[in-house]
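*Asks:* Here you go, one structure.
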Amino acid sequence: MTTHHPAPPPPTASGAPTTRPTPAPVPIPIPIPIPGTGTGTGTGTGTGTVPGTGRVPAPGTGRAPSHHGELLQGHFADAGGRPRAALVTLPVAEPGTLAVYTPRPGTPPDAITVTPAGRTKAVRAARLAVAACAARTGRPAHGGALRLTGTVPLGLGLGSSTSDVLATVRAVADAHGVRLDPAATARLAVRAEGASDPLMLDGRPVLFAQREGEVLDVLGPALPPLLVVGCLLGGGAPVDTLALPVPAPTGADLRACARLLDGLRRAVADQDAALLGRVATASARRAQRVLRQSEFETVAAVARRTGAVGVQIAHSGCAAGVLYDPAAPDAAARAAAGRRALAAHAVPYTRTFTAGGPNPLA
């Protein structure tokens with residue numbers, strides 16, 4: 001078992017821990033062997049109502065988790081040396097989204113309504129999923145009614161839109177009696193959103209190219225267990241993720257990200273929460289070149305003073321987490337001290353939760 005807060009290795013000029021050079025990640029096709037992809041509850045019959053039969057269409061249901069931002073995000077050279085924007089998320093089981101999709105046979109395939117109104121990405125996902133299911137089954141495509149319920153906060157960088165989109169795709173597939181594998185689901189999610197989080201992979205730590213919906217690297221079976229004290233930067237104001245600048249990566253950026261990725265691989269292999277915390281902190285600090293969150297260094301100081309292993313942030317939002325090793329004998333007391341310190345600095349606290357481990361979304 002690693003100690004709770006060992007001295008970090010000497011930092012590089014980029015702030016990353018010193019690690020051995022690693023080769024470029026090699027794309028790994030999906031689906032990858034991940035149990036429980038959660039395409040729905042199995043309530044859909046796959047037949048709908050055939051005109052003239054009088055049969056009532058059976059609704060389909062789909063569920064999706066969310067995440068608490070990222071542990072690592074940046075640009076990584078692929079096997080061909082091409083820079084790829086990619087990330088490793090911190091998945092959580094709750095909050096999540098439940099989608100119920102009821103087909104309306106006889107209506108145009110683009111005639112899809114959504115409740116609550118305004119979830120335009122979910123509507124796009126439903127239309128794409130209807131077309132994909134019709135192509136798979138050979139049956140005509142129809143419109144339908146989509147209802148979303150859930151508690152994932154919007155605009156904080158917690159994967160609210162991907163959670164909506166994934167639950168929607170699963171619900172539509174369930175209503176059509178179709179099982180879509182993670183690769184197909186990822187492609188639909190990227191088409192619906194423009195970029196997607198890897199929630200369709202149900203918690204396994206992967207380096208995910210969010211704009212292509214492609215797994216670049218599988219880091220291992222599970223993240224080390226973590227105790228997370230969540231908070232909000234920027235006063236909790238939502239972030240327009242599409243308005244954030246995306247600077248072109250330099251060679252130095254690619255080398256720094258490769259070192260961080262190597263460190264995260266080792267943290268997963270050794271189940272080393274302390275190393276994971278150092279990698280997440282270095283990645284979050286690099287992101288401040290774009291995000292410029294005035295409270296970040298305050299939160300990082302809180303982490304150091306209360307015996308945390310590090311800090312992680314939502315790179316496209318205002319959520320952040322102070323990371324503790326739950327194996328430390330006084331982990332709960334350290335987390336409580338972290339909450340008090342955040343309050344003393346007027347940093348909004350959200351919740352304390354566990355993440356990682358062998359069943360992160362159980």
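*Asks:* Starting from residues that are under 15 Å from ASP181 (Cα atoms) and not in a loop (DSSP other than H, G, I, E, B), keep the ones in the stretch 198-214 and report whichever is modelled with the lowest pLDDT.
*Replies:* Within the stretch 198-214, the match that is modelled with the lowest pLDDT is LEU201.
*Asks:* Something else: State which residue pairs qualify: first residue farther than 20 Å from ALA175 by Cα and inside the stretch 106-121, second residue surrounded by fewer than 12 Cβ atoms within 10 Å (Cβ to Cβ) in any location, beta carbons under 6 Å apart, and separation of 6 or more residues or different chains.
*Replies:* Note: no pairs meet the criteria.
*Asks:* Does ASP197 qualify as being within 24 Å of THR350 (Cα to Cα), buried (at least 16 other Cβ atoms within 10 Å of the Cβ), out of contact with any Cys (no Cβ under 8 Å at 6 or more places or on another chain) and charged (D, E, K, R)?
*Replies:* Values: within 24 Å of THR350 (Cα to Cα): yes; buried (at least 16 other Cβ atoms within 10 Å of the Cβ): yes; out of contact with any Cys (no Cβ under 8 Å at 6 or more places or on another chain): yes; charged (D, E, K, R): yes.
Here the answer is yes, as ASP197 does meet what is asked.
*Asks:* If you check every pair at least six apart or on different chains, which have Cβ atoms under 9 Å apart with a residue in the stretch 261-272 that is assigned to a helix (DSSP H, G or I) first and a residue that is of a type in the set (D, E, K, R) second?
*Replies:* Within 9 Å, the pairs are LEU261/ASP217; ASP262/ARG20; GLY263/ARG278; ARG265/ASP217; ARG266/ASP272; ALA267/ARG278.
*Asks:* For a quick check of your reading of the model, give me the residue pairs whose first member lies in the stretch 202-225 and is without any contact (Cβ under 8 Å) to a residue 40 or more places away in the chain, whose second is assigned to a loop (DSSP other than H, G, I, E, B) and of a type outside the set (Asp, Glu), with beta-carbon atoms closer than 8 Å and at least 6 apart or on different chains.
*Replies:* Pairs found: GLY213/SER196.
*Asks:* Give the residues of the stretch 307-362 that are more than 21 Å from GLY157 (Cβ to Cβ), of a type in the set (A, V, I, L, M), surrounded by fewer than 14 Cβ atoms within 10 Å (Cβ to Cβ) and modelled with pLDDT of 95 or more, sorted by residue number.
*Replies:* ALA332, ALA333, ALA343, ALA344
*Asks:* Which one of these is part of a loop (DSSP other than H, G, I, E, B), out of contact with any Asp or Glu (no Cβ under 9 Å at 6 or more places or on another chain), farther than 24 Å from ARG259 by Cβ and modelled with pLDDT under 50: GLY42, GLY52, GLY106, GLY38?
*Replies:* Working: GLY42 fails: out of contact with any Asp or Glu (no Cβ under 9 Å at 6 or more places or on another chain); GLY106 fails: modelled with pLDDT under 50; GLY38 fails: out of contact with any Asp or Glu (no Cβ under 9 Å at 6 or more places or on another chain).
Criteria check complete, one pass: GLY52.
*Asks:* A follow-up question, please. Answer yes or no as to whether THR298 is at pLDDT 95 or above and surrounded by fewer than 19 Cβ atoms within 10 Å (Cβ to Cβ).
*Replies:* On the way: at pLDDT 95 or above: yes; surrounded by fewer than 19 Cβ atoms within 10 Å (Cβ to Cβ): yes.
It is true that THR298 is at pLDDT 95 or above and surrounded by fewer than 19 Cβ atoms within 10 Å (Cβ to Cβ).
*Asks:* Looking at (1) modelled with pLDDT under 95; (2) closer than 28 Å to ARG265 by Cβ, which one does LEU223 not meet, given that it meets all the others?
*Replies:* (1)
*Asks:* Please go through (1) within 17 Å of HIS315 (Cβ to Cβ); (2) touching a strand residue (DSSP E or B) at 6+ places or on another chain (Cβ under 9 Å) for LEU275 and return the number of the only condition it doesn't satisfy.
*Replies:* (1) is the only condition that LEU275 fails.
*Asks:* Could you list all residues from the stretch 284-306 that are touching a helix residue (DSSP H, G or I) at 6+ places or on another chain (Cβ under 6 Å), part of a helix (DSSP H, G or I) and of a type in the set (Val, Ile, Thr)?
*Replies:* Answer for the stretch 284-306, where residues must be touching a helix residue (DSSP H, G or I) at 6+ places or on another chain (Cβ under 6 Å), part of a helix (DSSP H, G or I) and of a type in the set (Val, Ile, Thr): just VAL302.
*Asks:* Kindly indicate the residue of the stretch 55-81 that is in a loop (DSSP other than H, G, I, E, B) and within 24 Å of THR250 (Cβ to Cβ) and also nearest to the chain's Cα centre (by Cα) among those meeting that condition.
*Replies:* Taking the stretch 55-81 and keeping what is in a loop (DSSP other than H, G, I, E, B), we get 55-59, 78-81.
Imposing the further condition that a residue be within 24 Å of THR250 (Cβ to Cβ) reduces the set to 78-81.
On the way: ASP78: 21, ALA79: 24, GLY80: 26, GLY81: 25 Å.
So, considering only residues that are in a loop (DSSP other than H, G, I, E, B) and within 24 Å of THR250 (Cβ to Cβ), the one nearest to the chain's Cα centre (by Cα) is ASP78.
*Asks:* Could you tell me whether any residue of the stretch 174-197 is part of a helix (DSSP H, G or I), over 24 Å from SER316 (Cβ atoms), in contact with a helix residue (DSSP H, G or I) (Cβ under 6 Å, 6 or more places away or on another chain) and not basic (Lys, Arg)? So that I can check it myself, show each step before the final result.
*Replies:* Narrowing the stretch 174-197 to residues part of a helix (DSSP H, G or I): 174-175, 182-193.
From what's left, over 24 Å from SER316 (Cβ atoms): 174-175, 184.
From what's left, in contact with a helix residue (DSSP H, G or I) (Cβ under 6 Å, 6 or more places away or on another chain): none.
No, the conditions are met nowhere in the stretch 174-197.
*Asks:* With the requirement that a residue be among the hydrophobic types (A, V, I, L, M, F, W, C) and over 21 Å from the mean Cα position of the chain (by Cα), what does the stretch 117-127 give you? Step through it out loud before you land on a result.
*Replies:* Quick first cut of the stretch 117-127, residues among the hydrophobic types (A, V, I, L, M, F, W, C) only: 117, 122-123, 125-126.
Within the stretch 117-127, ALA117 is the sole residue that qualifies.
The values are calculated or read from the model by the stated rules, or taken from the named source; none is laboratory data. As the structure is a prediction and not an experimental result, all values here were calculated from the model. Cβ: placed from backbone, ideal geometry, glycine included. Neighbour counts: every protein chain shown.
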